[in-house]
Amino acid sequence: MTLSTDPDAIQELTVEELRAKFGTGMEIAGDEEYMLLSMGPQHPSTHGVLRLLLELDGETVVNLAPDIGFLHTGIEKTMESKRYTLGLVLTDRMDYLSPMSNNLGYILAVEKLLGVEATPRAQVIRVILTELARVSSHLVWLGTHALDLAAMSVFLYCFREREYILDIFEMVAGQRMMVSYFRPGGLWRDLPEEFEPAVRKFLEFMPSRIADYEALTKNNPIWLDRTKGVGVVSAEQAVAWGMTGPSLRGSGVNWDIRKAQPYSGYEQYDFDVPLETDGDVYARYRCRMEEMRQSLRIIEQGLDNLPDGPVNIDDPKIVPPPRSELGHSMEAVIHHFKLWTEGFDAPEGFVYQSVESPRGEFACYLRGDGGPKPARVHFRTPSYVNLASLPIMSKGAFVADVVAIIGSIDIVLGEIDR
Amino acid sequence: MTTSQIALWGLVVGFIITLIMVTGFAYTTLFERKLLARLQVRFGPNRVGYIPIPSRKGKERKLLGGFMQPAADAVKLFMKEDMTPAKVDRVVYFIAPMMAVFTAIAILAVIPWAGKLPGLPAQYEYFAIAPGINVGVLYVLAITSLGVYGIVLAGWASNNKYAVLGGIRATAQMISYELAMGLTILVPIMLADSMDMGQIVAGQKGMWYIFLQPIAAIVFWIVIMAELQRAPFDMSEAEQELSAGFSVEYGSMRFGMFFMAEYMKMIIFSAIFAVFFLGGYRGPFVDQFPVLGLVYTTLKIIFGLFLMIWIRASLPRLRYDQLMAFGWKRLLPISVINFIVVGVAIVLVEEGVFDSLIRSIQQAIPFLG
């Protein structure tokens, strides 16, 4: 294709050309009366590089087609050439707003394939950190959702608290976002001493901060106007389109992996699954706000009942020996060398493990072929499935509503395109 | 005074006031950025330009950090390449930002800034570019209605779908609040029995109209926010929906002109609100020292700007159909009823029904001048 500076050379694509470009899955009426509007991939409110093709009648959306793939990084394929432990760092990069949940889903799958289970202490720590990640992810969601509706102060208040959580992550894992803290058989290392006071302080101030956010949004008449009755999806539709997470629970379907298929000891915690029945943007907002409070409850219970003991299982074939042993134990040196050059072999077979990520059901399908690398990895990512229901939610809405709806299903493009 | 002297007065004073406003607009942006930052736990611009104060411990203290930021912004805007996208309607594209700025500056003519300053020509009752225009309020209404043309034409000429949507939203917005605006402005006109801005201010001696007519004041304030296209009514530029709406294809100082128009209008409408409801340049001792009028006007303008920025920091944006519903179904009935009530009340007052009540209120609040 040659670039031309002649203004007449700039042509708009016809509907047929657009169809050819988009492939199947796009509904476009192609009516002369409608205006085609391309929203994104560079757009302030599509939460990354999502592109939407809108067919508008005035400002009313007649049809909407999401166009994804601008952030395709080939994570699943790359993981086939990485050893099980090394593949972990790639999972951070999918849902970069809650890497702990991704880590957990992948690590649980690996452990399931290996047939081992983490120590009680490691399990509790995993739960605490995953719930912290849920709060931080919901804070980003609330901030960006409010920013989409132009309530810009909420965004900065949310990021203030998120910074605190990221500081905790840095304290624990050495990284603020790409933590890679959970390892097969346990954790990278035990929690530092400062962890508990820091989290206790967080638990102390966070409920009042959540109340602050709600003061700015929950009963604000403009907020209610913009969110109530917008983007309604019924329970049947939500289930049929495979929605999960708070987006599904906003429609009144009680489905939370933490309760339905408990993992990592979630059955020991006392928490509620917030439910709303309206299925609109406001219901999803209410669900997520309440979920933050429930997460705080889980974190508190985890801290109160944090057992002592090792954080790693006693299996030198999977877990590397501590540094201190390398100086005087030949066996430890051999294990260390083997682990760092070859990794561990996982048995043949496949596993499927799902966890409740902040966005919904995050699942990992893992097939081992007996070697140190997985034969196939596939992730069922909640954003990808939830995005599919965007067209049914948006039809008949206004352009301004589309922005609110995208915000309410809380998508992360890194997770969609993988 | 002869006609030529009146014209010379308008030219000289208008030139000075326009220059002051251009500087004032630049510092309004700084004020907004700083205040918004403070409301949002940030610092705001604090790098460009400061007054260094050496302290005894050898550490340099910085005073007024960031006060040159508007100059830096202006330089940046002027230095940028002035691009004209292909396939725009060139003439309209060039005219649109000028129209926006023109209307913003033109309203300045009738705003009274102070009372009878020393040195003012004898027949002028107050200090303004064009004092004593007996249809001043009508002039304000006419010019503000023209203001929307800048936005609509910019949206249309840009040959961009987002810009067109922004322009359409601006028109829809304008027709839904203009009626309420006109009806609310009638209230101070009826109370002062004049359309001269100076007479309206003079009529508020002893009693600001905001205390007589809080409903009209609130409705007028909401309408001002809509007229200015500022949050929560900024759907014509709606950064999150239309990326920048009508100004999406504009760059360099052409964009700067839209920006300038918006911020100058912020100042001007704060002043107009002050004139209609906050007693304009009136305040304690203003009759003895007319120069104080300038101070009071400035303070009232800053108060208005503060309110605007505060509202922007707190509220989400309305959808444009909700604004139309709000304008037609809420503001219009409220202002109609209020208008009728005020009309009836004025007749009753003239008949002398409320005399004792007004006197007691005036005694209770004597400082209003």
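The alpha-carbon atoms of chain A define a convex hull whose volume equals 167 cubic angstrom per residue. Count neighbours as other Cβ atoms within 10 Å of each site's Cβ, and list the trypsin sites (Lys or Arg not before Pro) in region B:53-104 that are DSSP loop with at most 10 such neighbours. Sites meeting the loop and neighbour criteria: B:56, B:57, B:59.
May I ask for the net charge around residue A:156, where only other residues with Cβ less than 13 Å from the Cβ of residue A:156 are counted and Lys, Arg are +1 while Asp, Glu are -1? All intermediate terms of the calculation are to be shown ahead of the outcome.
Working: positive: A:160, A:162, A:209, B:38, B:42; negative: A:161, A:163, A:212.
Net local charge, residue A:156 excluded: +2.
Taking amide H atoms as placed 1.01 Å from N in the peptide plane, the amide H of residue A:51 lies under 5 Å from those of A:67, each 5 or more residues away in sequence or on another chain. Dipole check for the protein assembly as shown: with +1 at the C-beta of Lys and Arg, -1 at the C-beta of Asp and Glu, and the Cα centre as origin, the magnitude is about 2200 Debye.
Can you tell me how region B:255-369 classifies by the Cα gyration tensor, rounded, prolate or oblate, using a/c under 1.5 as the rounded cut? Oblate, because a/c is 1.5 or more while a/b does not exceed b/c. Computed from the C-beta positions of residue B:145 and residue A:208 and an R0 of 60 Å, the FRET efficiency is 0.80 to the nearest 0.05. Every helix of 4 or more DSSP H residues in chain A counts as -39500 (n - 2.57), and over all residues that averages to -14500 deg cm²/dmol at 222 nm. In whole Hz, what ³J(HN,Hα) sequence does region A:120-132 give by Karplus (6.51, -1.76, 1.60; θ = phi - 60°), x for Gly and Pro? Those phi angles translate into x, 4, 4, 5, 5, 4, 4, 5, 4, 5, 5, 5, 4 Hz.
Starting from the Cα gyration tensor of the protein assembly as shown, take the square roots of the eigenvalues, sort them a ≥ b ≥ c, and report rounded, prolate or oblate (rounded when a/c is under 1.5, otherwise prolate if a/b is larger than b/c, else oblate). Let's see the in-between values first.
Working: a/c = 2.28, a/b = 1.98, b/c = 1.15.
Here the protein assembly as shown falls in the prolate category.
Think of region A:269-309 as a dipole: +1 on every Lys or Arg Cβ, -1 on every Asp or Glu Cβ, centred on the Cα centre; then among A:285, A:307, A:295, A:285 lies furthest on the positive end. Each of A:377, A:216, A:72 was scored by the projection of its Cα onto the charge dipole of chain A, and the greatest displacement toward the positive side belongs to A:377; charges sit on the C-beta of Lys, Arg, Asp and Glu. Just checking the listed ones, B:182, B:304, B:65: in the Gaussian network model of chain B with Cα springs under 10 Å, the one fluctuating most is B:65.
With the simple spin-label model, which puts each label point 7 Å out from Cα in the Cβ direction, the residue A:72 to residue B:307 separation comes to 5.5 nm. All C-alpha to C-alpha distances of region B:73-189, sorted into 10 Å bins beginning at zero, yield P(r) values of 12, 29, 29, 20, 9, 1 percent in whole numbers. Semi-axes of the equivalent ellipsoid of region A:61-220 are 30, 24, 12 Å, computed as sqrt(5λ) over the eigenvalues of the C-alpha gyration tensor in descending order.
The B-A contact accounts for roughly 2900 square angstrom of buried accessible surface, both chains included, probe 1.4 angstrom. When A:313, A:392 are compared by accessible surface with a 1.4 Å probe, the order from highest to lowest is A:392, A:313.
Label point of residue B:75 set 7 angstrom out along Cα-Cβ; within region B:14-50, amide nitrogens under 15 Å from it belong to B:47-50.
Classify region B:126-187 as rounded, prolate or oblate from the Cα gyration tensor: take a ≥ b ≥ c as the square roots of its eigenvalues, call it rounded if a/c is under 1.5, otherwise prolate when a/b beats b/c and oblate if not.
Values: a/c = 4.99, a/b = 1.99, b/c = 2.51.
Oblate shape, in that a/c is at least 1.5 and b/c is the bigger or equal ratio.
Students often get this wrong, so check it: of A:112/A:259; A:82/A:112; A:201/A:259; B:265/B:300, which have C-alpha atoms separated by over 23 Å? Pairs exceeding the cut-off: A:201/A:259.
Tally up the carbon and sulfur contribution to the accessible surface of chain B as a whole percent, 1.4 Å probe, everything protein left in place. Whole-percent figure for carbon plus sulfur exposure: 70. Taking amide H atoms as placed 1.01 Å from N in the peptide plane, the amide H of residue A:36 lies under 5 Å from those of A:56, each 5 or more residues away in sequence or on another chain.
Calculate how large, on average over all directions, the projected area of the Cα convex hull of region A:236-395 is; give the answer in nm² to one decimal. It would help to have the intermediate numbers written out before the result.
Working: hull surface 50.0 nm².
Its average projected convex-hull area is 12.5 nm².
On the beta carbon distance between residue A:235 and residue B:38, with R0 = 45 Å, the FRET formula returns roughly 0.50.
Between residue A:325 and residue A:300, the modelled labels are 3.9 nm apart [label points 7 Å from Cα along Cα→Cβ]. A loss of 10 Å² or more of accessible area (1.4 Å probe, protein heavy atoms, ligands and nucleic acids excluded) relative to the isolated chain is seen in these residues of region A:179-225: A:216, A:220, A:222, A:223, A:225.
Computed about the Cα centre, the dipole magnitude for region A:236-379 is approximately 440 debye when only Lys and Arg (+1) and Asp and Glu (-1) carry charge, each at its Cβ.
Per-residue 3J(HN,Hα) values for region A:358-374, derived from phi via the Karplus relation 6.51 cos²θ - 1.76 cosθ + 1.60 with θ = phi - 60°, read x, 9, x, 7, 9, 10, 10, 9, 10, 10, x, 10, x, x, x, 10, x Hz in sequence order (x marks Gly and Pro).
Take the protein assembly as shown with all the other protein chains still there, run a 1.4 Å probe, and you get 43 Å² of accessible area per residue. Candidate cross-link partners of residue B:205 among the aspartates and glutamates, defined by an alpha-carbon separation under 13 Å and a same-chain spacing of 8 or more, comprise B:287. Think of each Lys and Arg Cβ as +1 and each Asp and Glu Cβ as -1; about the Cα centre, that makes the dipole of region B:81-368 roughly 340 debye. Annotation: lysines with alpha-carbon distance below 20 angstrom to residue A:77 (same-chain offsets under eight excluded): A:373.
If exposed GluC sites (Glu not before Pro) are those in a DSSP loop with at most 16 other Cβ within 10 Å, what is the longest stretch of chain A that has none?
Numbers: sites that count: A:12, A:27, A:32, A:33, A:80, A:117, A:193, A:194, A:342, A:348.
The longest such stretch corresponds to A:195-341.
The GluC sites (Glu not before Pro) of region B:20-103 that meet both conditions, a loop assignment by DSSP and at most 11 other Cβ atoms within 10 Å of the site Cβ, are B:81. The residue list B:198, B:6, A:61 was ranked by how far each Cα lies along the charge dipole of the protein assembly as shown toward its positive end, using unit charges on Cβ atoms, and B:6 comes out on top. Note on residue B:325 and residue A:81: their simple-model spin labels are 5.6 nm apart, each label 7 Å out from Cα toward Cβ.
With 5 Å bins beginning at zero, the pair-distance distribution over Cα atoms of region B:81-368 amounts to 1, 6, 11, 15, 17, 15, 13, 9, 6, 4, 2, 1, 0, 0 %.
The values are calculated or read from the model by the stated rules, or taken from the named source; none is laboratory data. None of these values were measured; they are calculated from a predicted model. Virtual Cβ from ideal backbone geometry, glycine too; neighbours counted across all protein chains shown. Side chains included, ligands, DNA and RNA excluded: accessible areas come from the protein's heavy atoms. Shrake-Rupley method; radii C 1.70, N 1.55, O 1.52, S 1.80 Å.
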